[in-house]
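Working notes, structure below.
The values are calculated or read from the model by the stated rules, or taken from the named source; none is laboratory data. Bear in mind that the values here come from a model prediction, so they are computed numbers and not experimental data. With ideal geometry, Cβ positions are generated from the backbone for all residues, glycine too; neighbour counts draw on all protein chains shown. Quick note on the areas: whole protein, heavy atoms, side chains included, nothing else; ligands and nucleic acids left out. Shrake-Rupley method; radii C 1.70, N 1.55, O 1.52, S 1.80 Å.
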Amino acid sequence: MRTMKLRCVAIILLGVLTGCATPGPFLTQDLGAIRSGIAITREQARVSFDAANKLALQQSIERKAGLPDTIIKESDFATPVSAADAAAWSNAFGILDTYGAALQSLVDPKRANDTGDAIGDLANILNGPAINAKIPASLTGLFSTFAQALVQARAEKTAITVMRRTDPAFHEVVSRMAAAIGASPRERGSLQDVVESNWTNSVLTGLDNRYQALRVGDAARKQVLTDYANAMISRDAQLANLSQLHDSLLALGEAHAAAAAGRPGDALFWIGRINGWLDDIKRRTDAAQKSGEGK
Amino acid sequence: MSGKNSDLEKVADALGDLVDSLRAAREKENDPDKVKAINNELIEANHRITMVGAVLFHERTAAISAAAGKVESAKAEVEAEIAKLDKLNKFIETVSGFLGLIDKVIDLAKAVAI
């Protein structure tokens, strides 16, 4: 009779726990997707920084070569993203990733399974000669499952609590990153502004100066005009890449907020968009390099 | 954007205004020498825009690192919870191990008694 009562209590508690627990598989899936989105955005940033620095460095050389002075100074070579800043961004992405990894590990069902197994082993030993508790095998299994569910529910509850509390900080990181990149070149002081200026105020003006030096009928005029058109295409492609990096960063924030709010599917939607954008960026960067940027 | 509150952001704004003025002047100009002079001014302005942009990017990166530090604190909290759960599993395993040892002692005692 006592065993029956215990079994009923355990079944009820198990039902309550299962009902209260966060949908574990969704949380695990969302966290995996967010980590993948962080890795992709990190790569987008690396590609974008390299392209911006390469462009600016080439323009610094073009500018310096056109000046009458005879002394070279480090300040003659301006690049928008220093190696230290690129490393700091990489570190910030690393923090976001290890935070996601810790959450993933916390909600990993293996840990709860281990607890269930350990409880099962303990029950078997309690039934052994030392204590001879005579716990029925059916009840042993039930308590084992109960312990497993209890640990999993606690892990998921903690993960969700931490994610909700951390969401403003996570959002702050990605929003500040997005602001540094800029939504458009009109945001002065942003990386987009610097890149647009290097194309429009340096590459294109340099080509304009070269064109003016050529006489009508000179065959080189056509080549300069071709270079000018290609430079405009490359500029627009590079700015589009930066806009997508900006959007990817904001999408990461949306994905985290969706996972923290327990909206299954929303996080995957945002990460799916980031994933598609990386291919676009690489394609445009390759095309821009082929069209001969910085001429 | 964080708002135009730093001196550097004001400098970036002033450079942007200068470039806009130079571009507008170039559009109206027909004298090739003057256009070239304006172009060279634009190239010089661009160099400053890149330099100011680099310092602004550095400033913004410092703020990003500070914000990332807050996320790192949350990571430590999660790791502490993981350690707690691992400790629980370890405790159960230790109890099981201890009881298992007693079982062996009892088995041995029975064997000796026989």
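Tabulated data for the structure shown
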quantity	calculated
Residue within the stretch B:73-94 that is at the interface with another protein chain (Cβ under 7 Å from one of its Cβ atoms), touching a Lys or Arg at 6+ places or on another chain (Cβ under 6 Å) and in a helix (DSSP H, G or I) present	yes
Subset tally (residues that are more than 19 Å from residue A:113 (Cα to Cα) and among the basic types (Lys, Arg)) for the stretch B:39-98	4
Identity of the residue in the stretch A:67-83, without any contact (Cβ under 8 Å) to a residue 12 or more places away in the chain and open to solvent by less than 70 Å² (accessible area, probe 1.4 Å), that ends up nearest to residue B:72 (Cα to Cα)	A:82
Some residue of the stretch A:26-47 being outside any loop (DSSP other than H, G, I, E, B) and facing chain B (nearest Cβ under 10 Å)	no
Per-region count, the stretch A:138-166, residues free of Cβ contacts under 8 Å to residues at least 40 places away in the same chain and open to solvent by less than 40 Å² (accessible area, probe 1.4 Å)	4
Test: residue B:62 is within 30 Å of residue A:155 (Cβ to Cβ), open to solvent by less than 90 Å² (accessible area, probe 1.4 Å) and in contact with a helix residue (DSSP H, G or I) (Cβ under 8 Å, 6 or more places away or on another chain)	no
Failed condition for residue B:30, given (1) over 30 Å from residue A:168 (Cα atoms); (2) in a helix (DSSP H, G or I)	(2)
Contacts under 9 angstrom Cβ, first residue in the stretch A:197-212 being on the phi < 0 side of the Ramachandran plot, partner open to solvent by 10 Å² or more (accessible area, probe 1.4 Å) and hydroxyl-bearing (Ser, Thr, Tyr), 6 or more apart	A:203/A:228; A:204/A:228; A:207/A:228; A:208/A:228; A:211/A:228
Matching residues, the stretch A:212-235, being in a helix (DSSP H, G or I), open to solvent by less than 80 Å² (accessible area, probe 1.4 Å) and of a type outside the set (S, T, N, Q)	A:220, A:221, A:224, A:227, A:228, A:229, A:231, A:232, A:235
Residue within the stretch A:103-117 that is of a type outside the set (Lys, Arg) and assigned to a loop (DSSP other than H, G, I, E, B) present	yes
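Here is a yes/no grid of residues against (1) open to solvent by 30 Å² or more (accessible area, probe 1.4 Å); (2) at the interface with another protein chain (Cβ under 7 Å from one of its Cβ atoms):
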residue: A:129; (1), (2): yes, yes
residue: A:136; (1), (2): yes, no
residue: A:168; (1), (2): yes, no
residue: A:174; (1), (2): no, no
